[in-house]
Every structure is written in C-alpha cells, then in structure tokens.
C-alpha cells in the first residue's frame, strides 16, 4: 500500500513540476498581454470592452480550458516556491504596467491608472475562475462591463 502511495505521490510531484516549468516558459510570452489595449480600439474604454469580449470568446472556443496559466501557478505555489511566486508576480506586474501606461496615454493620472490596472486584472482573473467553474461566459461579460465602467470613471 505504501509503495503505491509513494509512486502516486512522486508521479503527481513530477506532473506538477512539468506544469510549472511550462507555465514559467509561457510567462515570458504572457508578459506582453495588452490588457485594455486593442490596435483597433479608438479609446481606452473600447479597448477594455474588446479585451474582455475577446477573453470570453477564447474561453468559449476552448471549452473553458484556456484561461490564465499564470494564475494557476500562482495559486498552487505562491506559498511554497519563492522563485515561482516571484515569476508570477513579475508577470502580473508587467500587466499592471502595460495597462497603466495605456490609461495614462488616454489621459488618466498615474495613481488612478495603477488602481484601474489592478482593478482590470482582478476583474479578469476572477472572471476566468468563475467562467471555468460555471462553464459560462456570463462572469466575463459582467466583469467586462464593470471594467469598462471603471475605465470610464477613471477618465472622468
């Protein structure tokens, strides 16, 4: 019995390690995700709306499997692996920076832009979680509407 447990435990540890390694590789690519930005969007609010609509569409097309691997890793290892916690924090911080820059370029002051960026990421990550659990894009639609309203408010 112990042997079976030990083998199962080791197999699970190897599987988690491979998944974390893949996620770290993806983190370099994901640092460039343009939250609140779309080349076709004429303004910040439209960019936010487009981004959330696109995220919902990706979830639908992938049968709710393609959400955020960075959040998955952060949830699994933030308390147990400092290098992985730091890597995920770096990715999220790069997203905050990108969204803040876009908001500042649209006329939002820097302090408000950072708060808005963090709000957008929180809305997005929470929506990913609920969409996957509920197998519905309704949470992403609601989060997108809230995020667009927050962007509109930040613009004054």
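Throughout, read-outs are computed from the coordinates displayed, never taken from laboratory work. Just so it is clear, the structure is predicted and the values come from calculations on it, not from any experiment. Cβ atoms come from the backbone with ideal geometry, glycine included; neighbour counts cover every protein chain shown.
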Give me the distance between the Cα centres of the range 105-133 and the range 63-96, rounded to whole Å. 16 Å
Pop a pseudo-label 7 angstrom from the Cα along the beta-carbon direction at both residue 141 and residue 72 and give the gap in nm to one decimal. 2.6 nm
Is the shape of the range 33-156 rounded, prolate or oblate, going by the alpha carbon gyration tensor and its root eigenvalues a ≥ b ≥ c, with a/c under 1.5 for rounded and a/b larger than b/c for prolate? oblate
Going by average Cβ density within 10 Å per residue, which order do the peptides 123-134, 52-63 take, highest to lowest? 123-134, 52-63
How high is the relative contact order of the range 63-156, in percent, with contacts defined as C-alpha pairs under 8 Å that are six or more residues apart? 27 percent
Fully extended contour minus Cα-Cα distance, from residue 105 to residue 130, at 0.36 nm per residue: 5.9 nm
How high is the relative contact order of the range 35-104? Use alpha-carbon pairs under 8 Å, at least six apart in sequence, and give a whole percent. 30 percent
In nm, what is the difference between 0.36 nm times the number of residues separating residue 149 and residue 118 and their Cα-Cα distance? 9.7 nm
